[in-house]
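These notes concern the structure reproduced below.
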């Protein structure tokens, strides 16, 4: 029921980054008439706008684009297909009956949707979240904030930088700072292996002779006003600093690239069940969350390493949202749970209907070589088995699974094996 | 120009005590100056504490601390209403785990009764758990008059209220020398200001002993004692219905590590207790952080380190050295050697709670040497909203957006802060232009992303709306520049 002063839409997509754009376009193309895309910022494109480096679109468009170029293609398409866009608008609340409350310059607005797609993306882990001791001087930024300031606002953050963590944005920023005349003293990664993609290690660090210190981390900040240096130390297998390995590294800037967290405060407050490992909603093979009519895709669902995969996932989610909104009924059947087992950190979707083909996304726990990813059913029978020369936690694995294999399946387990 | 010239009253130190005194004295026809070394008010101990309005059970009957605490506590509600500051008498459970601690509870209750603390009760486990589910202990002392307030908001609003009532604030000026000549105090600052005042008030907190020494008074020494805290994500706010403290142990410098809910729904874990050498040593340490997270987990079993959004520390201005520990009573005196010098030393906990009562006491001391004439047209109330925009009722929000569209644009998504609020905060009456000043006023950058998203947006807004040059932006102190210039 639509109440007075309220507008009604078939599909409302929350977040106008790559996931939201692709979801809105595909929802429209799949037959949803009124598709509303809500974006908090004053332009669409999300974090792509500040990613001026190239390498986007290799899978999707079969060419290397910059972030803004990649976004632009989707923004144009959204316009062509007639997606309704609200900019500078923030969703303040989402209710289980698929009502959302929006705040914008035009005022407060209530929207009743037939389906909602969550595409809010993720945020960067902060200094507080990693409990970094020491002083609280100026000069400490998350890598993404620095990227925004440098690339979108022409503001230089410092002259001599240390990068904590080897996430992809940190690696990209190591190169960016170097190119702009800021000395990057080193990248310190607490894990024994890098967190970012191998190609970024090569293209952003190795090519610029920026040292990567594995099993090392920043343990203290120094400087009262502006950062004047950090203490770094080697860590043991428990990631604890090893006494006697501490050394002072002079710098005026520290960039944090210590992980991304799906931005699910809105989902949580509405009652969407989250997967504690992926940090995103629990979804089925249609990307529907635990709440009927609420779908999820992109980095709010789980953190991706390639935007192309975000677009692909979102396109599917948008299509399923449109089907629900246009009244297409799905045959009711019991969900088949999918569980991560040996060597797998998480896998997605967490459950499938068995009613259609789906893409299994997963990440491994630690880097290994020459192993298989195996999907078994309750009897131990291998339904899927794929060999990989190299498996790395930074690289998301995606395996298409055919529905016909799921006929008598009650449960699926995914593991890394010989 | 602010700072030079002659004043009736010069207050050194713009912490909560100095600002409360300034506001109290602004009711009278006096020319008043507050001198502060930092770029903003409340940058020391006043912004770095639990934000608890204590009930007054902890202090010996007859002491200044006992009297001013109970008086101050009772003044808070009305004062906060006038200043548009959120506060809440949330209540506190002091929990005993063994017989010795139970004895402490009864002793505290008796002491509280002698001090005039209202409504205290000793509660058995089922009753304490009815107030705060999950709390474990043998008995608890419940003090319903314990409250919470945001200490820096309170300090800033006191200063703003004093300011609209005529008090001048000289920020970023450190007092370097004081001389007395012909009944006037002559004060110089590191920036070369020459100020004179008929009455001098020392509310310099951690530096109050240094101010004393400038006048040749060397009987006081401040021992900074650091307390570290962790701030937790708001999603834990609803776990706490009341404050929960362990029973205090004799000889400790603080009240023990506890969980404190803030008026903005975060939870603080802390404070620790460690004497440090320097009065600006606000470092946090790995050891204490580990300890705090362990303590936090005892009451919040699901707590992960990723739920911590920030750590900070504050310094207690203690008069007792480490080997002595414990507490010493506040010093609030009009000196015999300098009859126009009002000296406040060792205003540690419960300084925040006592501040309104301290202000009244200091006013009475001032009245002993200056004739206090009430000022017609004193503005009791500050304009503006009580609380943030997103906390207002839906109808008022609609109304406000229709009046000013900038209320409709959310800048800080974690805390739901609007463009209008950021603009107002930047144009604050004291003229503070630091990013921390903006944080403390508008609450931007204080949420779980700690400015990851809104810092760039705020910088963009300040450039566009106020023509601010990025390289001129300071975080919190002189030399705390945020940016080095343009990329190219």
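No value in this document is a laboratory result; all are computed from the given coordinates. The structure displayed is predicted, hence computed values, not measured ones. Heads up, the Cβs are rebuilt from the backbone with ideal geometry, glycines too, and the neighbour counts pull from every protein chain shown.
For the reader, a short list of remarks on this structure follows.
- A helix-only calculation puts chain A at -5500 deg cm²/dmol for mean residue ellipticity at 222 nm, using -39500 (n - 2.57) for each DSSP H run of at least four residues, averaged over all residues.
- Label point at residue B:99 placed 7 Å out along Cα→Cβ; residues across the range B:123-155 whose backbone nitrogen lies under 17 Å: B:138-139
- Relative contact order [Cα under 8 Å, 6+ residues apart], chain B, whole percent: 20
- The listed peptides A:311-323, B:88-100, A:16-28, ordered by packing as a protection proxy, come out as A:16-28, A:311-323, B:88-100 (highest mean of other Cβ atoms within 10 Å first).
- The GNM of chain A, with springs linking C-alpha atoms under 10 angstrom apart, assigns the highest mean-square fluctuation among A:65, A:260, A:362 to A:65.
- Between the range B:96-124 and the range A:80-113, the alpha-carbon centres lie 53 Å apart.
- Per residue of peptide A:137-145, the mean number of Cβ atoms on other chains within 10 Å of the residue Cβ is 6.
- Once the chain from residue A:180 to residue A:59 is taken as fully extended at 0.36 nm per residue, the excess over their C-alpha distance is 40.6 nm.
- Antiparallel bridges, percent of DSSP beta bridges restricted to chain A (to nearest 5): 60
- Cβ-Cβ FRET estimate between residue B:471 and residue A:357, R0 fixed at 60 Å, reported to 0.05: 0.60
- Within 10 Å of each Cβ in A:104-116, the average number of Cβ atoms from other chains: 3
- Between residue A:209 and residue A:326, full extension at 0.36 nm per residue minus the direct alpha carbon distance yields a gain of 36.6 nm.
- Gaussian network model of chain A, springs between alpha carbon atoms under 10 Å - residue of A:67, A:158, A:107 with greatest fluctuation: A:107
- Contour minus Cα-Cα distance for residue B:129 and residue B:180 (0.36 nm per residue): 12.5 nm
- Bridge type composition, the protein assembly as shown - antiparallel percent by DSSP, nearest 5: 65
- When both bridge partners sit in the range A:126-258, DSSP labels roughly 40% of those beta bridges antiparallel.
- Inter-label distance, nm, simple model (7 Å from Cα along the C-beta direction), residue B:164/residue A:43: 4.0
- Alpha-carbon centroids, the range B:252-294 and the range A:238-275: separation in whole Å: 21
- Ranked packing of B:469-481, B:62-74, most packed first, by mean Cβ within 10 Å: B:62-74, B:469-481
- Normalised by the number of residues in the range B:123-213, the average gap of Cα pairs under 8 Å and 6 or more apart makes the relative contact order 13 percent.
- Separation between Cα centres of the range B:225-241 and the range B:145-221, rounded to whole Å: 31
- Here residue B:403 and residue B:277 are evaluated by their C-beta separation; at R0 = 35 Å the FRET efficiency comes out at 0.10.
- Other protein chain C-beta atoms within 10 Å of residue C-beta, averaged over A:154-165: 3.
- R0 of 56 Å, Cβ-Cβ distance residue A:84-residue A:404: FRET efficiency to nearest 0.05: 0.90
- Candidates A:393, A:192, A:133, ranked by Gaussian network fluctuation over chain A, Cα under 10 Å, top entry: A:133
- Here is how the number arises for chain B: DSSP H runs of 4 or more residues each give -39500 (n - 2.57), the sum is divided by the residue count, and the result at 222 nm is -9000 deg cm²/dmol.
- Taking the range B:20-109 and dividing mean pair separation by its residue count, relative contact order in percent (alpha carbons under 8 Å, at least six apart): 16
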